[in-house]
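Below is one structure, written out as structure tokens; comments come after it.
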Amino acid sequence: MADVTDGEFTDFVNERGDKLLRVAYALAGSQHAAEDLLQNALAKAYARWPRIRGDAEPYVKRILYHDQVSGWRRLSRRREVPMAELPERPGVCDSSHDSELRLLLREALRALPPRQRAVLTLRYLEDLSVAETATILGCRAGTVASQTAKALARLRQLVPGLDEMTTRAEVTQ
Amino acid sequence: MSRMLDETLRAAVRDLADGVRPTPDLAVKALGRGRRLRRRRRATAAGATLVAVVAVALPFVLFRPAPAPSPATPPVTVTPSPTMLPTPGPDWTAKPLVLPGGWIVTRAQARGGSGAGMLLDRARGHYFRTDRYDGIFPAPTGSLVAVRDLDRPREIGLFDLANGKTNWYEVGRALSVPQWSPDGRRLLFTTRQVDRFGFIVMKTDGTKKVHVNGTEGCSDFCEFTWTRDGRQVALPQTGESHGESQRDARLGVRLFSADDGRRTRLVPVPGDPAGPWSWSPDGTRVVVQGQQEPLLVETATGRVLNPLPSADVAWVTDDRLLYRRPLGSNDFVLADPTGRELIRQPLPRQLVDFEVTVAPR
């Protein structure tokens, strides 16, 4: 029985591990924290493997989001990564600055609080609707919207060229 | 939000996720961690089986005469080393495991709450093994055990050892692990529901009060804990500076009424108490996890009296602390407030790697 479980579990991790690690990385913001988050979720799933019915991936993802947001994992909580200074605003608009802004935006995402990053990960990496995001995070749809708005405000603060970049892209389309 | 901004965010989040490096041995590591949970279960089960076998031999081990000192042995000199108590024998589950200072072990479980655990049945006076739940949290008195199940993340179960029944209660979303009040009548949860940070106090009949007050000046390790009188809860307060390499500096802990959630006062201690037993019975001192190390501090002034090896301590009297040594085999020690060890008690082998809960006898 244990061999069957081990085999199924190993096959599952080999097949879905990279995908899950990508989600964990978007949630945790660093390689080490992502691996820790995912290892913990997988170990919990393994302990309950015979009781998981159907596809295990949603189950593992639920643990990932739950652990990251709720703080059940008291000792391993992640929090926002502070940026010492606001990134410099680019003075000239060209494509190299767009790339720079993309880089800055990526770094700014790391600086968001875990809950806001979780909302953005569900909405933009997993392409879930507001309602689906609210279901997974255990909150109201309005809360997802307000967290998204707060995340956006924080990103605008950290990346002053954000609106300029998106506005320019819309004009030139 | 404009469509382009939406797309820019989508690209950025995916950029971020694309930064991950593959972990080739993910399956092996995950399986290893999962197997460790199983090994702990087997070890616990094996310990229970060994009780009957080894009990016959135990008296000979415990009461064998001490070997005669060798003539070459140098004279014994008095040293300040603590009194070392024997490791409990294999039949330790048959009666409450009493620690120095008179407190007892009420629960042992793998850290994080996964896998099998050992629970003390106070009324019957022995321990039993359980793997029915993902977390077990016995009340410091009485027969109730708070239990949690990952399949019921919004609920808490109250398992009554007296009749074996478990009642489940809806508490809320995004909950911390439950903490019992010192009198065992109420449970405290920190709730980190998105945009609704606060605490929930639930009585053992399932009635609850939710106090959502925002993070209230706390930026990391924001966990509500009981004070020793069980009438207030404490939340760490942080200053302006934040860093990833260490805890944010503390301004103190903010106390709130457990009954109505109102703020009462700020205690200017430079760290976080682990729970109600961190406060001395007379209320003059508290052990906190400081920014760098565990500290014993005066509650009135916040003055640091001395560092300690552990922040997870229980004041058993006004001049004795009980805690687990952070290194080695994690023995329990009874120490004075300066951290001088007086009595040291090893744990049964099966419990060494477990998280252990203690309570007054």
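Peptide A:114-127 has a mean shielding of 3, counted as Cβ atoms of other protein chains within 10 Å of each residue's Cβ. Checking every one of the trypsin sites (Lys or Arg not before Pro) in segment B:304-347 against DSSP loop status and a limit of 13 other Cβ atoms within 10 Å picks out B:R340. What percentage of the solvent-accessible surface of segment A:2-76, computed with a 1.4 Å probe over protein heavy atoms, is contributed by carbon and sulfur atoms? Percent of accessible area from carbon and sulfur atoms in segment A:2-76: 48. Of the GluC sites (Glu not before Pro) in segment B:268-361, not one is in a loop by DSSP (not H, G, I, E or B) with at most 13 other beta carbons within 10 Å. Sparsely packed loop sites in segment B:244-283 (the trypsin sites (Lys or Arg not before Pro) outside DSSP H, G, I, E and B with at most 14 other Cβ atoms within 10 Å) comprise B:R262. Only lysines eight or more places from A:K150 in sequence, or on another chain, were considered; those with a Cα closer than 26 Å are A:K61. The relative contact order of segment A:2-76 comes to 27 percent, based on Cα pairs under 8 Å that sit 6 or more residues apart.
The charge dipole of segment B:271-361, taken about the Cα centre with unit charges on the Cβ atoms of Lys, Arg (+1) and Asp, Glu (-1), comes to about 200 debye, rounded to the nearest 20.
When A and B come together, around 6200 square angstrom of accessible surface is lost from both chains combined, probe 1.4 Å. Magnitude of the charge dipole for segment B:205-361, about its Cα centre and with charges confined to Cβ atoms of Lys, Arg (+1) and Asp, Glu (-1), is about 300 debye. Roughly how far apart, in whole Å, are the Cα centres of segment A:101-144 and segment B:286-361? Each part reduced to its Cα centre gives a spacing of 40 Å. Converting phi to 3J(HN,Hα) with the Karplus coefficients 6.51, -1.76 and 1.60 and the offset θ = phi - 60°, segment B:226-231 yields 6, 8, 5, 7, x, 9 Hz in sequence order, with x at every glycine or proline. Counting every Cα pair in segment A:2-76, what percent are over 17 Å apart? Tail of the P(r) past 17 Å holds 39 percent of the pairs. Of the whole protein surface, B:D6 contributes about 40 Å² of accessible area at a 1.4 Å probe radius.
What you get for segment A:2-76, charging only the Cβ of Lys and Arg (+1) and of Asp and Glu (-1), is a dipole of about 460 debye around the Cα centre.
The values are calculated or read from the model by the stated rules, or taken from the named source; none is laboratory data. Being a predicted model, the structure only gives us computed values, none of them experimental. Methodologically, a virtual Cβ is constructed for each residue, glycine included, from the backbone with ideal geometry; neighbour enumeration extends over all protein chains shown. Note: areas computed on protein heavy atoms with side chains; ligands, DNA, RNA excluded. Shrake-Rupley method; radii C 1.70, N 1.55, O 1.52, S 1.80 Å.
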